[in-house]
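Taken together, the values in this text are just the output of simple stated rules run on the coordinates, not laboratory data. Keep in mind that this is a model prediction, so the values were computed, not measured. Cβ placement follows ideal geometry from the backbone for every residue including glycine, while neighbour counts extend to all protein chains displayed.
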Amino acid sequence: MKDPKGRTVVGFEKHIFICENLREGEHPRGCCSEKGGAEIRLRFKQEIIEQGLIGKVRANKAGCLDFCEKGPTVVVYPEAIWYRISDPEKDIPDIIREHCKEGKIVERCRIQL
Ligand code: FES
């Protein structure tokens, strides 16, 4: 049985959730929207295309992931690895290539408490 896209399996090899939560005003926790969440998601989508991973890796918008102070916050499943994107031009290609293609966690981007 295939779906309209020709798939026979439900789901993705890697699923990336990118917080785009917006808090109006001076909220003490801040928000990922004001730290570029939407642009980060678009950059992930672009990188998935450029690295030939359409259909294998999916990047989706998320609401608050509850690690606001550490954001902009991203989590990659199925490993449940949490990343902070501090340098989108370097971090995003590295996460797609190293984590999503090669299965290696990008330690320098991991959220630390
Ligand atoms: S606003 Fe992004 S994790 Fe809460």
query = When only residues in region 95-110 that are assigned to a helix (DSSP H, G or I) and in contact with a Lys or Arg (Cβ under 8 Å, 6 or more places away or on another chain) count, which is farthest from residue 53 (Cα to Cα)?
reply = 109
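Any chance region 76-84 includes a residue that's among the basic types (Lys, Arg) and either under 16 Å from residue 42 (Cβ atoms) or in a loop (DSSP other than H, G, I, E, B) (or both)?
Within region 76-84, the first condition is being among the basic types (Lys, Arg), and the residues that meet it are 84.
Those left that are additionally either under 16 Å from residue 42 (Cβ atoms) or in a loop (DSSP other than H, G, I, E, B) (or both): none.
Checked against the condition, which is being among the basic types (Lys, Arg) and either under 16 Å from residue 42 (Cβ atoms) or in a loop (DSSP other than H, G, I, E, B) (or both), region 76-84 yields no hits at all.
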ask   = Inside region 12-26, can you point out the residues that are free of Cβ contacts under 8 Å to residues at least 60 places away in the same chain, surrounded by 10 or more Cβ atoms within 10 Å (Cβ to Cβ) and more than 12 Å from the ligand (Cβ to nearest atom)?
value = 12
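What's the total number of residues in region 68-81 that are within 12 Å of the ligand (Cβ to nearest atom) and buried (at least 18 other Cβ atoms within 10 Å of the Cβ)?
So the count comes out to 6.
Polar (S, T, N, Q) and in contact with a Leu (Cβ under 7 Å, 6 or more places away or on another chain): is that true of residue 33 in this structure?
Details: polar (S, T, N, Q): yes; in contact with a Leu (Cβ under 7 Å, 6 or more places away or on another chain): yes.
Yes; evaluated as a whole, the condition is true for this residue.
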Output for region 27-58, where each listed residue is more than 9 Å from the ligand (Cβ to nearest atom), touching a residue at least 24 places away in the same chain (Cβ under 8 Å) and farther than 14 Å from residue 97 by Cα = 36, 39, 40, 55
